[in-house]
Each structure stands twice: as structure tokens, then as C-alpha cells.
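The values are calculated or read from the model by the stated rules, or taken from the named source; none is laboratory data. Because the structure is a prediction, the values reported are computed rather than measured. Cβ: placed from backbone, ideal geometry, glycine included. Neighbour counts: every protein chain shown. Ligands, DNA and RNA are stripped out before the accessible areas are found, and what is left, the full protein with its side chains, is counted by its heavy atoms. Shrake-Rupley method; radii C 1.70, N 1.55, O 1.52, S 1.80 Å.
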Amino acid sequence: MQSSHLLLEEPIRMASILEPSKASFFPAMTKIVGTLGPRSRSVEVLSGCLTAGMSVARFDFSWHDPEYHQETLENLKAAVKLTKKLCAVMLDTVGPELQVVNKSEKAISLEADATVILTPDEGHEASSNLLPINFDGLSKAVKKGDTIFIGQYLFTGSETTSVWLEVSEVQGNDVVCVIKNTATLTGALFTLHASQIRIELPTLSDKDKEVISSWGVKNKIDFLSLSYTRHAEDVRHAREFLSKQGDLYQTQIFAKIENIEGLNHFDEILQEADGIILSRGNLGIDLPPEKVFLFQKAALYKCNVAGKPAVVTRVVDSMTDNLRPTRAEATDVANAVLDGSDAILLGAETLRGLYPVETISTVGKICAEAEKVFNQDLYFKKTVKYVGEPMTHLESIASSAVRAAIKVKASVIICFTSSGRAARLIAKYRPTMPVLSVVIPRLKTNQLKWSFSGAFEARQSLIVRCLFPMLADPRHPAESTSATNESVLKVALDYGKASGVVKPHDRVVVCQKVGDASVVKIIELED
Ligand SMILES: Nc1ncnc2c1ncn2[C@@H]1O[C@H](COP(=O)(O)OP(=O)(O)O)[C@@H](O)[C@H]1O
Ligand SMILES: C=C(OP(=O)(O)O)C(=O)O
Ligand SMILES: [K+]
Ligand SMILES: [Mg+2]
């Protein structure tokens, strides 16, 4: 793969752009998170999504009830069995999200320049003149001239399915707005974003807590996507809550940065969170358009050097209704990869779009092309310099493994890991080849029962760029002796061969512990 590496910093022979890319065993090293909903919940479509490259399924509790999501999840499990592709589960909270409830589900037409009233009285029917909302504090939070967006997943105000409003007056608990674009809202529920306004509601709502402790615990969620994270304290609070929910002390928290407040506290939030979601849907309308790219580049840089996975959202909105993305969207996906993102999150495209499978496949192909021109050399040097000296032993081993793999043109790096830490550190250095992270289960006890660790760690690497997990047989003891190491390595190599990533005479770099010493070894395969 790296043999045909082009460098964007040097002139590229134009005709080479047209050369088709070699097929590889996986769609891309950048991961794809798909939001599941009406258009992506049958075993058939879900199998298509997995085969096309989705490795994390997001269940957004802003929409539908736990029973609905459970049905989808059961179908996902069936699809995982059928396709033999792993998939992690992400629960996305509602948080302090404002919603317009349209009980009758009648389409609501809104005309540009007309007025519409937002009222906290949910007893009212939604209409062209009146939109009931789930929050009684909006009139106290906004003032004349403020901007409000309403839509169903998409709300740029440029589609005819979402609307952009300007506050003209506050009347008691009601907010009177001028409609800026003609739109038709359809569906039972729309979300509302008031630009640059603090909404005095907790980040983890009571409903979220209830859903986490029932649906979340039952399904051992791998990731909590914490909507509207505004402070590091929000993450600490969610962590504290998870720690008391059965197995969920192992759940990773991905903080969604969706507004100015989250942006202002980004550094502290990054320290507390396991990963970051750059929620460009909401943040994109909180920020002036000319600043959006700067946030993206700055945030991805910070996540990369911290070695924490970063997820970029809202990339191919137009694919919700079309088979091809716009040029701007296609370029945007590639740029997210070049900027360093680990994963791309699809929202409306997979949830209610007409082409969920094609969208995943198109985005995967764009990511794979961008990975080929990612300047790994420059990135590596930058990262080493940022870390400084002395490096921790483990980081030094991890970065050396990546460097060795590139120098000997290895086809794959195999990393033994229990906590997942070593594999994440290797991914931090963005190798140009896939990393098979062989997760060795550890026997653990909570004084009530004995169980094996490893399943969470393996699935959690499904959101990290370059990592492809494999859970070793629990009969392999976690204490590494050379005999067990050799047998696990053989299993990993067999797996690599079976999936086509390792071929005869390839070189493979292995990162493991032998006795007390962490070692990087280069092996040359025979046949
Ligand atoms: N069961 C194992 N057998 C061999 N080497 C291992 C094993 N588990 C981890 N390693 C190696 O030990 C080092 C520390 O890895 P890490 O994932 O941080 O492990 P831990 O879970 O023990 O913290 C890495 O070099 C890793 O490849
Ligand atoms: C992904 C986002 O949020 P949600 O889909 O939960 O509204 C976003 O704002 O980009
Ligand atoms: K949500
Ligand atoms: Mg959002």
C-alpha cells in the first residue's frame, strides 16, 4: 500500500490520479460510525453497512424509545454474526437538547418573512404559526436578533427541510421569530439550536441516566457519546455515574463538542474524555462559517498529540437524498483524514437517508485515498518532537514499532495488548499499514464473580484509525511466556493471512512483552 505513496508536497504526475487503487482487505483505516434508524435497521441493510466498513453503530436516544433501539441492536447482532465483522455500540445522549414536538406529524410549512411563535406549552398542536418546545427557559435565554435553527438532523437553513429563525420579540414565556427561509418540516420531532446561547439544563439528563442504567447496562455499551459537553466537569460527572452501572465502568466517554462553551473548554474536556466528537452539525451553526475549518484543524491536532481518538461529523449531508456527494463534501471528507481524524460519523445519511450502504462505501473510499497521501513522515516527526524526552518506555517502543514497520515495508504491525494502551500508542503514530491489535483477555474479579476482560478493549479500538482488533482465546494466559506468545502470534498471523492482509514473504512487525522486556521484532514470513 505504501509503495505507491504520493506526496502532496511534491508535484504529482496528473495521469497517476486516474490509476485505480489496489483493493485491500478493509475499506479504510479511518473508521466509520453509522447512526442507526428507520433506514438502517434491517439485518440486510445492516449487513451491507458492516461489509461497506461501518465499525461503530450509534444509537441516538434523541429519537425513538429503548424498545425500538433494542430491536435495531438485535438485528445488528444478527448482521455481525452473518458478516463476521465486529461492531462497537455507542449510546448518544439527549442532554440539554431542545426539541419541537409535532404530535400529529402533519407537515408544517413555514414561509420566509412570516412570523412563528416558539412556546413552552407542549399541550398545543404544532402549526405554521406556533411550535411547542420541551423547555420553558428559552424566553429568558434569548433576546431580539438571536438566531435559532430547527430541523430534523440537518439544520443549516439551506435545505427546505430545516428553518432558520431570527428572534424578533420575547412575550412572556413565548419567543416570537421571523422566518428566514421557506421550509417544510416533516416528522414527529425536530431539534432546535439557539446560536451561542447557554441552555440551563444538565448535560446528563434524568432520561439519559435512566436509559444508560437500563438499555446501556443491558447492552454493555462500548461508548457513551456525551451530547453538548460544555465543561470537563460534565465528563467527570458522567464517568462517576458510569462507574456505578455494572460493567459500564469500562465504557469510554466521547465528549461531543457542539457549541461555543464546549469549544472554550476544549483543553480541559480533552484531558478528561477518552475521545472527542467534533459535532460540526451544531457547532457549525454556532460558529461563523469562516472559523469552522480552524476549529477542526486545531481540535484534531490536539486530539492527535494527546493520542485520543477524534470523530468528525456531518460530512456528506447531500447523500441523505443523493447517490453522489457534492465536490465540496468529497473534498471535506479527504481533508478530515488529512487533518488527522480517526473516524467519520454519519448521521442523517445512514439514519433516514436513501442510501446508507452506498454512503458508507463512498466515504470509506475517499478516506482510503486520503490515507495514501497522508504525510506520515512529517506527522511522525511532529509527534515525536511534541512528546519530547524522556519518552515513556511504552511510547518509545510503540513509536519505534511504527518506524521499523515503515522502514522494512511491513504489511502489518501485530501488537499484543491487554489494556489497549499499547495499541492506542501505536495508532498515535499513524502507521501506513494496519495494526492487528491482539487483545489478550485477563481474568478479573469484582469479588462476586470471575470474568475475562478484553471484549470492551477490543471493540473500543474499532473507532481508532489503523487499529483492527482481534480478541485472543481466553485460554491464553495474560502472563506472557514465550510459549503462549508464540501460539497467539501464530493465531494472529493465520488471521492476517485469512483476511488477505498478510501474504507469503511479507515482513511483519510484532510488539510484545517477553518476560519483563517490551520488544519490537521484525519477522519475515516464509510461505
Ligand atoms: N499478554 C501479552 N503477551 C505479550 N505481550 C503483551 C501482552 N500484553 C501486553 N503485551 C505487551 O506489553 C506492553 C504493554 O502493553 P499494554 O497494552 O499497555 O499492556 P497492559 O495491558 O499490560 O497495560 C506492550 O509492548 C504490549 O505489546
Ligand atoms: C452529530 C451531531 O449531533 P446530533 O446528531 O446528536 O444532533 C452534530 O451536531 O454534528
Ligand atoms: K443526541
Ligand atoms: Mg448535535
- Item | Eligible aspartates and glutamates near LYS449 by straight Cα distance, threshold 18 Å, same-chain separation 8 or greater | ASP247
- Query: Where Lys and Arg each count +1 and Asp and Glu each count -1, what net charge lies around GLU395 among other residues with Cβ under 11 Å from its Cβ?
  - Reply: +2
- Item | Percent of beta bridges antiparallel (DSSP, the range 98-194, rounded to nearest 5) | 90 percent
- Item | Projected-area average for the range 227-306 over all orientations - Cα convex hull basis, square nanometres | 5.0 nm²
- Report the relative contact order of the chain, percent, no decimals, based on alpha-carbon pairs under 8 angstrom and at least 6 residues apart. 14 percent
- Computed over the chain, the distribution of all Cα-Cα distances in 20 Å bins, rounded to whole %, is 22, 55, 21, 3
- Item | 0 to 90° range, to nearest 10: angle between helix 376-387 axis and the chain longest Cα axis | 80 degrees
- Note on the structure: For the chain, the longest principal axis of the Cα atoms and the Cα long axis of helix 393-407 enclose an angle in degrees, to the nearest 10, of 80 degrees
- Message: If each residue of separation counts as 0.36 nm, what is the full-extension length gain between SER62 and HIS237 once their alpha-carbon separation is subtracted?
- Response: 61.0 nm
- Query: What aspartates and glutamates sit close enough to LYS180 to cross-link, taking a C-alpha to C-alpha distance under 19 Å and skipping anything fewer than 8 places away on the same chain?
  - Reply: GLU111, ASP113, ASP146, GLU159, GLU166, GLU169, ASP286
- Figure the gain on full extension for GLU74 and LYS381 (residue separation times 0.36 nm, minus the Cα-Cα span) and round it to one decimal in nm. 106.0 nm
- How about LYS22: which aspartates and glutamates have a C-alpha closer than 18 Å to its C-alpha, ignoring those fewer than 8 places off in the same chain? GLU369, GLU371, ASP506
- Heavy-atom accessible area ranking, 1.4 Å probe, most first, across HIS69, HIS124, HIS265, HIS393: HIS393, HIS124, HIS265, HIS69
- Of LYS84/LYS207; LYS31/LYS372; LYS81/LYS220, those spanning more than 23 Å from alpha-carbon to alpha-carbon: LYS84/LYS207
- One finds, for THR115 and LYS302 with R0 = 45 angstrom and r their Cβ-Cβ distance, a FRET efficiency to the nearest 0.05 of 0.60
- Message: To test your reading of the geometry: what angle, between 0 and 90 degrees and rounded to tens, separates the Cα axis of helix 66-83 from the longest principal axis of the chain?
- Response: 30 degrees
- Hey, any idea what % of the range 247-405's accessible area is carbon plus sulfur with a 1.4 Å probe? 56 percent
- Query: Just from its helices, what would the mean residue ellipticity at 222 nm be for the chain, if runs of 4 or more DSSP H residues each count -39500 (n - 2.57) and the sum is divided by every residue, rounded to the nearest 500 deg cm²/dmol?
  - Reply: -10000 deg cm²/dmol
- Query: Computed over the Cα atoms of the range 376-524, what is the convex hull's projected area averaged over all directions, in nm²?
  - Reply: 9.4 nm²
